[in-house]
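Quick notes on the structure that follows.
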Amino acid sequence: MPMMLCSGAPCRSICGPVQEGLMPTDDNTQGYSLAELMIVLALIGVLVSIAVASYTLAINRARAATCAASRRTMTRSVEVYLAETGHYPADVNDLHYVVANWSSARKCPSGPALFYDSATHDVVCPVHGP
């Protein structure tokens with residue numbers, strides 16, 4: 001006997017039977033197979049790995065650019081020190097009065113502090129080089 005769909009009133013014959021597909025059935029024909037779910041998860045994994053690689057590359061480029069800016073600041077402070085005193089600084093600590101924000105100016109965002117090579121008068125980063 002077909003199920004009858006009624007609008008809250010006692011079931012009348014004008015409502016008619018429920019159409020196929022509107023009500024869940026007892027057979028296991030609905031849903032996704034395990035293979036389909038695995039393919040979707042694999043595609044999501046590939047997309048996430050591409051996104052993480054792009055993010056890591058962008059972060060590394062930003063750190064290198066920030067380090068280069070810090071090296072330029074330190075190099076300019078060496079030039080200012082030379083102009084004011086007439087000689088190059090013996091150590092990077094001699095530059096502390098020239099640079100306004102001394103603690104952040106001598107750091108590389110990748111970790112180690114920049115150092116001043118008194119032999120070549122270059123400011124060098126241990127990670128990114130001169």
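General remarks:
- Restricting the chymotrypsin sites (Phe, Trp or Tyr not before Pro) of region 34-130 to loop positions (DSSP other than H, G, I, E, B) with no more than 15 neighbouring Cβ atoms within 10 Å leaves TYR97.
- Exposure proxy order (Cβ contacts within 10 Å, fewest to most) of MET74, MET38: MET38, MET74
- Sorted into 10 angstrom bins from 0, the C-alpha pair distances of region 34-124 split as 15, 33, 17, 12, 10, 8, 4, 1 percent.
- Footprinting exposure proxy for HIS121, HIS87 (fewest neighbouring C-beta atoms within 10 Å first): HIS87, HIS121
- Calculated SAXS-style log₁₀ I(q)/I(0) at q = 0.15, 0.28, 0.29, 0.34 Å⁻¹ - region 48-93, Debye, Cα scatterers: -0.54, -0.92, -0.95, -1.08
- Counting 0.36 nm for each residue step from GLU84 to ALA58 and taking away their Cα separation leaves a gain of 5.5 nm.
Any read-out appearing in this document is the output of simple, stated calculations on the displayed coordinates, not a laboratory observation. This is a predicted model, so every value here is computed, not measured. No Cβ is skipped: glycine too gets one built from the backbone with ideal geometry, and neighbour counts run over all protein chains shown.
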